1. Taking H as built 1.01 Å from N, whose amide H comes closer than 5 Å to the amide H of Ala406, not counting residues under 5 places away?
2. Within the chain, what's the longest stretch lacking GluC sites (Glu not before Pro) that sit in DSSP loops with no more than 13 other Cβ atoms inside 10 Å?
3. In whole percent, how big is the carbon plus sulfur part of the accessible area of the chain, probe 1.4 Å, protein atoms only?
4. State to the nearest 20 debye the size of the charge dipole of segment 227-455 about its Cα centre, where the only charges are +1 on K and R beta carbons and -1 on D and E beta carbons.
5. If you plug each phi of segment 410-424 into the Karplus form 6.51 cos²θ - 1.76 cosθ + 1.60 with θ = phi - 60°, what whole-Hz ³J(HN,Hα) values come out, in order, with x for Gly and Pro?
6. Compare the Cα positions of Thr236, Asn221, Leu278 along the charge dipole of segment 212-286 (+1 at Cβ of Lys, Arg; -1 at Cβ of Asp, Glu; about the Cα centre) and return the one farthest towards the positive end.
7. What fraction of the DSSP beta bridges in the chain is antiparallel, stated in percent and rounded to the nearest 5?
8. With unit charges on the beta carbon (Lys/Arg positive, Asp/Glu negative), name the residue among Met319, Val158, Tyr414 whose Cα is farthest towards the positive pole of the charge dipole of the chain.
Amino acid sequence: MTLGNSYNLREVHRGTWCLGLDTSGKRLVVVGLGYVGVPVAAKFAEAGLQVTGIDIVERKVELINKGTCPFTGDEPGLADLLEKMVRNGRLNATTDYSVIQHADYVLIVVETPFDLRSREPYYKALRSACKSIGKNLRSGTLVVVESTVAPGTTNNIVRPILEAESGLKAGEDFFLATAPERVMPGKLLHNITYLDRNIGGINPESTGRALELYSLIAKGNLHPTDAITAEVVKTTENAYRDVQIAFANEIALLCENIGVDVYEVRELVNKLEDRHMLMPGAGVGGHCLPKDSWLLAFGTRGKHEPKLIAVAREINDGMPRHMSELCESALREAGRGVYGSRITILGLAYLRNTDDTRNSPAFPLIKALEVLGAIPTVHDPYVREANGIKPLADLDEAIEGSDCIAIVTEHSQYYDLDLDHVKSLMRTPIIVDGRKVVDKEECIKKGFIFRGIGR
Ligand SMILES: NC(=O)c1ccc[n+]([C@@H]2O[C@H](COP(=O)([O-])OP(=O)(O)OC[C@H]3O[C@@H](n4cnc5c(N)ncnc54)[C@H](O)[C@@H]3O)[C@@H](O)[C@H]2O)c1
């Protein structure tokens, strides 16, 4: 595929084609200031563009305009970069979509959940953002969908809304591409900068303009493709990971039942250079992994019904229930029932050292324990409140009088547990480790009843 006269897409790699986009006076708008939108906005501001972020949540807009990141967690470099870009006037935020009338580039980075009941993507935010963008779109602007979407969405949902609202034609009057994000909380800036990126336009000119734009911030390779391929790649890479985790969980369950340690199995399997078994665990969470398999499947609805990724979802979704069964079995060994037992959940966030609680396995675990009559107490050093749960920030307070500790998240703090001290605070010394955070033999030696996923 060749774009215009200027560059051959097959050979386009960062370094071999530097188009040298002149950033002076160029304006970029980022729609959606969440875990992805904030670092993306800061990176483009750093690259020299005048950046405005739009969000419907006024509190986020206020915080960003003060130079404060709206979320917490261990996010190297982000707080400093954001503060610096706001202070030097390169980055600001607003709830007012009229700024798009002056934008050269618009990035869509709103949430794209999946509704398991209707088995359809829940595109309320995406549709609403596209409508507001379309109403303000001017000729010549490049719109890029960074959100993860089901295959076909850029062409079949985003494009018609933008065209209808603007009266402009995509690919001719304005340009449209998808450049799915690959970030992960804890590595937001790093991943935006260094990971390779796939960029697919609805036509070659859109692809080319998007490549030009991302060359400003990307140190990884930029791979040109078309919009639907980029969408399939993004959802496939997350479905792939979900299936791999489900495999590790399946082997963990198998090992538990025959008295073998899954972590030793994993280590020895991975001695073969082309085997890369992932870690099993208490469940899969986050905004992306639990829904991206379904987005991928939705894209082929009526044409192909995937079986493997559906089973993988089922296995991963079953892990919190399994954690609850491990708590139950350990309490039974201690001569207690779950009913009335105080169970301390370590970690409400789904990922280590972040405050991101979306689809955290802690929620179904807490629910399962409550159904059995347990009294859960939640500790998390990063999360202040989520889904009506306010975790304690003080670890001792959370453990005091507890009958069982269930480790759901591998926050760094939990690796430093002083087991003697923990035992002295607990009413019944039980540890159920969902993340291989504590040493099993050490726990048993110290007098704990121990259970762990795959051990
Ligand atoms: N979080 C990740 O690690 C990650 C990684 C890769 C891809 N993604 C994808 O990126 C997208 C965004 O994810 P996120 O984690 O940043 O989500 P998020 O929920 O943290 O942020 C989305 C933001 O969009 C705002 N928003 C919603 N509707 C809006 C509207 N109409 N106008 C303006 N703002 C609006 C929300 O208020 C919110 O601040 C999703 O599609 C996700 O799948 C996320």
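The values are calculated or read from the model by the stated rules, or taken from the named source; none is laboratory data. Predicted, not measured: the structure shown is a model, and the values here were computed from it. Cβ sites come from the backbone with ideal geometry, for glycine too, and all protein chains shown count toward neighbours. When the accessible area is computed, the model is the full protein with side chains, heavy atoms only, and any ligands, DNA or RNA have been set aside. Shrake-Rupley method; radii C 1.70, N 1.55, O 1.52, S 1.80 Å.
1. Thr344, Ile345, Leu346, Val432
2. 1-171
3. Of the solvent-accessible surface of the chain, carbon and sulfur hold 49 percent.
4. Its charge dipole is roughly 580 debye.
5. The phi angles translate into 8, 4, 3, 3, 6, 6, 9, 4, 8, 4, 4, 5, 4, 4, 5 Hz.
6. Asn221
7. 15
8. Comparing the listed Cα positions along the dipole, Val158 ranks first.
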